[in-house]
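*Asks:* If you scroll down you'll find the structure; I have some questions about it.
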Amino acid sequence: MESEAEAESEKRTLLEIYDKLYSFYGAQHWWPGESPFEVAVGAILTQNTNWSNVEKAIGNLKAAGMLTARALHRVSEAELALLIRPSGYFNIKAGRLKAFLAFISTLYSGSMKKMGKVETASLRQELLNVHGIGPETADSILLYALDKPVFVIDAYTKRVMSRHGIIDYKASYDEYQQLFHQVLDEDTKLFNEYHALLVRVGKDYCKPRPRCPNCPLSQVNS
């Protein structure tokens, strides 16, 4: 069990990282989407691909007038797979989208607003019980689509935090999430911006082969 002094030191370091990233990049305005439902669909489609491919798939859904829970629930899985083809693994993702659509249609009449009224921990468990939705996707839906104070953990987060000696890279998803939840205030806006900034610096500098020179975090005291 860590001491109060250790917890305070962790908090200072995490806030220092956030401040440096925000000063360097500014607000990220993430997650892009015109509705909570579009954000949820994007969270599922972005698995194992980059965002530009997801944008193409979502563009197809919009062009076909399919970007509603009711429309996507009615369309066949095969037709859905063709529409989301640019996102990659389209047959698998069509199945996962269909599972999510069955979930939201059955329990919440297709309404993200109704779903958002459920207590966070209970809703998170419900989402994790949906085929194809793991912790990162569930938490992305909770944070970005429903404004729940849940920190999303991904490969970028793990690289940045472990390379600065804050937590071991091999720590579990829950251990990473617990770090942010215990050290930082439960602030949806902070969690949203912080995660988006970690993704940005992970893409630009904290790559698998890091580009430490000129990185905004090169002088962070860890």
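Derivation of every value follows stated rules applied to the coordinates shown; laboratory data play no part. Small disclaimer: the values here were computed from a predicted structure and weren't measured. Don't worry about glycine lacking a Cβ; one is built from the backbone with ideal geometry, like all the others, and counts go over all protein chains shown.
*Asks:* Could you give the spread of the C-alpha atoms of the range 36-145 along their three principal axes, from largest to smallest, in whole angstroms?
*Replies:* For the range 36-145, the Cα spread along each principal axis is 34, 26, 20 Å.
*Asks:* Okay, next question. Within a 10 angstrom radius of the beta carbon, how do Cys215, Cys206 rank from fewest other beta carbons to most?
*Replies:* Ordered from fewest to most neighbouring Cβ atoms within 10 Å, Cys215, Cys206 come out as Cys215, Cys206.
*Asks:* Can you compute the label reach from Asp204? Point 7 Å from Cα along the Cβ direction, backbone N cut-off under 20 Å, restricted to the range 35-77.
*Replies:* What the label zone holds, given the 20 Å backbone N cut-off, is 50-52.
*Asks:* On to the next question. Can you list the residues of the range 22-62 with backbone N under 15 Å from a point 7 Å past the Cα of Tyr89, pointing along Cα to Cβ?
*Replies:* Residues 42-51, 53-54 fall inside that zone.
*Asks:* Still on this structure: Provide the gained length on full extension for the span Asp147 to Ser23, in nm with one decimal, where the gain is 0.36 nm per separating residue minus the Cα-Cα distance.
*Replies:* Between Asp147 and Ser23, full extension yields an extra 42.3 nm.
*Asks:* Then there is this: Taking θ = phi - 60°, what integer Hz values does the Karplus form 6.51 cos²θ - 1.76 cosθ + 1.60 yield along the range 149-160, in sequence order, with x for Gly and Pro?
*Replies:* Once θ is set to phi - 60°, the couplings for the range 149-160 become x, 10, 7, 8, 10, 9, 4, 5, 4, 5, 5, 5 Hz.
*Asks:* Can you match Cα extents along the principal axes in Å to one of these, (i) 55, 36, 29; (ii) 67, 50, 27; (iii) 40, 37, 36, based on a calculation from the structure here?
*Replies:* The value computed from this structure is option (i).
*Asks:* Using alpha carbon centroids, what distance separates the range 39-85 and the range 137-190, in Å?
*Replies:* 26
*Asks:* I need Glu38, Glu77 ordered by Cβ neighbour count within 10 Å, fewest first.
*Replies:* Taking fewest neighbouring Cβ atoms as first place, the list is Glu77, Glu38.
*Asks:* OK, next. Roughly speaking, what % of Cα-Cα pairs in the range 42-91 are separated by over 15 Å, rounded to a whole number?
*Replies:* 36
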